[in-house]
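These notes are about the structure you will find just below.
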Amino acid sequence: MTSTPTPPTSATATTGPSAVLWDMDGTLLDSEPLWDIAMADLARRHGIVMSATLRESTLGNSMTDAMAKVFDAAGTPEEERDYIADARWLLDRVAALFDDGLPWRPGARAALDLIGEAGIPMVLVTNTVRELTDVALATIGADRFAATVCGDEVRHGKPHPDPYLRGAELVGVGTAASLAVEDSPTGTIAATTAGCPTLVIPSAAPVPTGEGRTFRESLVGLTLADVADAWTGGGASSST
C-alpha cells in the first residue's frame, strides 16, 4: 500500500521531488564496515564464523531480523534465542565502534548540503534503532532533517515499506512525490514497495535493477538535475 500523492510543497517540486528520504548506514555514512565487525563478533559469540553470504543477507536488516539469521546459521533452538540480551550486547558493541568515529560515504555531505540549500525537506529513514541513530546524528547533523524514522519506531522495519511510508507522512507528502536514496537490496525493496522512486548507490551488496530504481556509483558530483532525473526515472542507467 502506498500513500496518496499530495500537491507539491516546495518551489522545486514542479521539476523534482517534494522530499528526499535518506537511508543512513552505507548511504550517508560508511558505517557498514563497523557493523561488519560487530556482526562478526556476534557470530563468534554463538560459535560460528560470519561468512560473506551470511553477512550480505543481513545488510540493511532490522536488528531482530539480523540476529534471527545469525541464530539460524548457528542452529540455535528457538527456546534459547535471547533476543533482548543479544540486542543489548550488539547495541553496546556498535556504540563503542561508533564512538571511535563515523566516516562519511563519498559525496554524501555535499549531497545533503545541495538538497538542503534547495529547500527540499529531507527525512532520515533508517533500520537502525533510535539509540544508535542519535549517536550517528551527531556526525550527520540532526538539524538537516525535517524528521527522522528509526527501525524501532515502526511496526515493521525494512524490507517492509513502513519506514518510508512513515517518513513521507511526517513531512506531509506522498511517497510518489518523494525520492528515496538507498544502498542495500533490503532498503531498496522497502522504498520501492512504499511507492518511492529510488536513487540506488550500491555499497556492500549488489542491488538488482527494477522499476523505479535509478543507479549511480556514488553521490560524488550529484546535481539537482540528477535528483530530478532519479525522481522521474530519467536517469535509470546512470553510472556516474
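The values are calculated or read from the model by the stated rules, or taken from the named source; none is laboratory data. Bear in mind that the values here come from a model prediction, so they are computed numbers and not experimental data. Counting neighbours? That spans all protein chains shown, and the Cβs are built from the backbone with ideal geometry, glycine included. For the accessible areas, the whole protein counts, side chains as well, though only heavy atoms, and no ligand, DNA or RNA atoms are used. Shrake-Rupley method; radii C 1.70, N 1.55, O 1.52, S 1.80 Å.
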Top-ranked residue in the stretch 158-197 [being part of a helix (DSSP H, G or I) and small (Gly, Ala, Ser); ranked as most open to solvent (accessible area, probe 1.4 Å)]: 176
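Do we have residue 84 as assigned to a helix (DSSP H, G or I) and either more than 18 Å from the chain's Cα centre (by Cα) or at pLDDT 95 or above (or both) here? Lay out the reasoning, then the answer.
On the way: assigned to a helix (DSSP H, G or I): yes; either more than 18 Å from the chain's Cα centre (by Cα) or at pLDDT 95 or above (or both): yes.
Against the criterion (assigned to a helix (DSSP H, G or I) and either more than 18 Å from the chain's Cα centre (by Cα) or at pLDDT 95 or above (or both)), residue 84 qualifies.
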Which pairs do you get when a residue that is within 18 Å of residue 76 (Cα to Cα) and in a loop (DSSP other than H, G, I, E, B), found in the stretch 42-59, comes within reach of a residue that is open to solvent by 30 Å² or more (accessible area, probe 1.4 Å) and not charged (D, E, K, R), reach meaning Cβ atoms under 7 angstrom, with the pair 6+ apart or on two chains? 46/74; 47/74; 48/73; 48/74
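So for the stretch 87-95 (the condition being of a type in the set (Val, Ile, Thr) and open to solvent by less than 50 Å² (accessible area, probe 1.4 Å)), does at least one residue qualify?
Filtering the stretch 87-95 down to residues of a type in the set (Val, Ile, Thr) leaves 94.
In the following step, the residues that additionally are open to solvent by less than 50 Å² (accessible area, probe 1.4 Å) were identified as 94.
Yes, the conditions are met somewhere in the stretch 87-95.
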Somewhere in the stretch 141-152, is a residue at positive phi and open to solvent by less than 30 Å² (accessible area, probe 1.4 Å)? yes
Here is a list of conditions, (1) more than 15 Å from the chain's Cα centre (by Cα); (2) open to solvent by less than 40 Å² (accessible area, probe 1.4 Å); (3) farther than 20 Å from residue 111 by Cα, and residue 209 meets all of them except one; can you say which number that is? (2)
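If only one of 129, 94, 70, 135 is under 22 Å from residue 160 (Cα atoms) and touching a residue at least 40 places away in the same chain (Cβ under 8 Å), which one is it? Steps first, please.
Numbers: 94 fails: under 22 Å from residue 160 (Cα atoms); 70 fails: touching a residue at least 40 places away in the same chain (Cβ under 8 Å); 135 fails: under 22 Å from residue 160 (Cα atoms).
Result of the check over 129, 94, 70, 135: 129.
Only residues that are within 12 Å of the chain's Cα centre (by Cα) and either closer than 9 Å to residue 190 by Cβ or at pLDDT below 95 (or both): list them for the stretch 144-159, please.
Of the residues in the stretch 144-159, the ones within 12 Å of the chain's Cα centre (by Cα) are 148-151, 157-159.
Residues satisfying the conditions are 151, 157, 158, 159.
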Matching entry among 230, 138, 225 (being more than 12 Å from the chain's Cα centre (by Cα), part of a helix (DSSP H, G or I) and surrounded by 18 or more Cβ atoms within 10 Å (Cβ to Cβ)): 230
